[in-house]
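**Student:** Pasting a structure below so you can have a look.
We did not get these values from a lab; they are worked out from the coordinates using the rules stated. All figures in this text were calculated on a predicted structure; none of them were measured in a lab. Note: ideal-geometry Cβ built from the backbone for every residue, glycine included; neighbour counts use all protein chains shown.
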Amino acid sequence: MDTEAGRIPVVVAGITGKTGSAAGRAVHQAPDLELAGGLSRNHSGENLGPLWGLGDLPWVLSDSLSALPYAVLVDFTEPDSALPRLLEAAERGWDIVVGTTGFSPAGRVELANRVVQCGVGAAVIANFSLGAWVAERLAAEASRYFSAAEIVEGHHVTKRDRPSGTARAMAETLGQRMKRSPDDIPVHSLRLPGMVAHQTVVFGSQGQLLSIRHDVHDRTAYVDGVLAAIRWVRRVQGRMVTDLGEILDSEAVPHEDVRL
Ligand SMILES: NC(=O)c1ccc[n+]([C@@H]2O[C@H](COP(=O)([O-])OP(=O)(O)OC[C@H]3O[C@@H](n4cnc5c(N)ncnc54)[C@H](OP(=O)(O)O)[C@@H]3O)[C@@H](O)[C@H]2O)c1
């Protein structure tokens, strides 16, 4: 199912958006991947080039994947439109890489079931930034020694979900490690101009505080994780992972591809 040139074909939904465009550009530049198309609600039928501030490029955007041949679908849109699109992609045998956050628990279960039924590979990752994943590992380690922790997350004002998917994943991790419900780990959400994506986990104990902080200043922070996930989903069948670490630690992804 590779292209004639032996590359992995990739279609990006949300390719005109902030994160989807960073992912699309990285796919276009990767020697083993081929940008096969882009999906857009508002710019269907338009050439991608001018939307990226360039001259005409070989891609005209579409609002549906049904006319397209197999590709890995990368989705950075919003959850209401993404869920039916992802279910359709899996039904058609496409592997999927999902950055979109804010799915309901029922939606996540439906997607996981469809992935298993259809035997495709899926990576549904709340944060593709390698720095965020390292921060989560450090916080998991710190949680062995502290019994009180709170999360402060901040994002740009247009972010729809609150708290962020990353903060909810961190609360899950801490809850498991600290043997309490994730709901008992307080999360404080800021939505302010000037922010991109920021998260601090603050651990407190008698006489001391420990802060583990990660800041994203632009969306290129996510692309190494997205590219690793595209390569990884091609090699698994009927599995949906939600932990970026599983992808980064797998032998399917060369370590030099993901070193910061
Ligand atoms: N997992 C991660 O690491 C990560 C990192 C950053 C962001 N995110 C998530 O990725 C998503 C996008 O974030 P963003 O900051 O890139 O947002 P954004 O700049 O607003 O881009 C979203 C794109 O989605 C498309 N879209 C919106 N509604 C749609 C619909 N009903 N049908 C089809 N396409 C639609 C829009 O494209 P058109 O206008 O062309 O239709 C828009 O360009 C959010 O859920 C965010 O939380 C995840």
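**Student:** Just the Cα atoms of the chain, one point each, no solvent: what log10 I(q)/I(0) does Debye give at q = 0.09, 0.13 Å⁻¹?
**Tutor:** -0.41, -0.83
**Student:** Any idea what log10 I(q)/I(0) is at q = 0.19, 0.21, 0.31 Å⁻¹ for region 113-162, Debye with uniform C-alpha scatterers and no solvent?
**Tutor:** Debye output, listed in q order: -0.89, -0.94, -1.19.
**Student:** Right, another one. Add +1 for every Lys or Arg and -1 for every Asp or Glu among the other residues with Cβ under 13 Å from the Cβ of Val202, and state the total.
**Tutor:** My count for the surroundings of Val202 gives -1.
**Student:** Can you tell me how region 159-208 classifies by the Cα gyration tensor, rounded, prolate or oblate, using a/c under 1.5 as the rounded cut?
**Tutor:** oblate
**Student:** When each pair of different Cα atoms in region 135-242 is counted once in the 1/r mean, what is the Kirkwood radius in angstroms, to one decimal?
**Tutor:** 15.3 Å
**Student:** Have a look at the DSSP beta bridges in the chain and tell me what percent are antiparallel, nearest 5.
**Tutor:** The antiparallel fraction comes to roughly 40 percent.
**Student:** In sequence order, what are the phi-derived ³J(HN,Hα) couplings for region 110-126 according to the Karplus relation 6.51 cos²θ - 1.76 cosθ + 1.60 with θ = phi - 60°, rounded to whole Hz, with x for glycine and proline?
**Tutor:** 4, 5, 4, 5, 5, 4, 5, 4, 8, x, 9, x, 9, 10, 10, 10, 5
**Student:** Compute the Cα gyration tensor for region 18-143, then decide on rounded, prolate or oblate, letting a ≥ b ≥ c be the square roots of its eigenvalues: rounded whenever a/c is under 1.5, prolate when a/b is larger than b/c in the other cases, and oblate in all that remain.
**Tutor:** Oblate is the answer for region 18-143, as a/c is 1.5 or above yet b/c matches or exceeds a/b.
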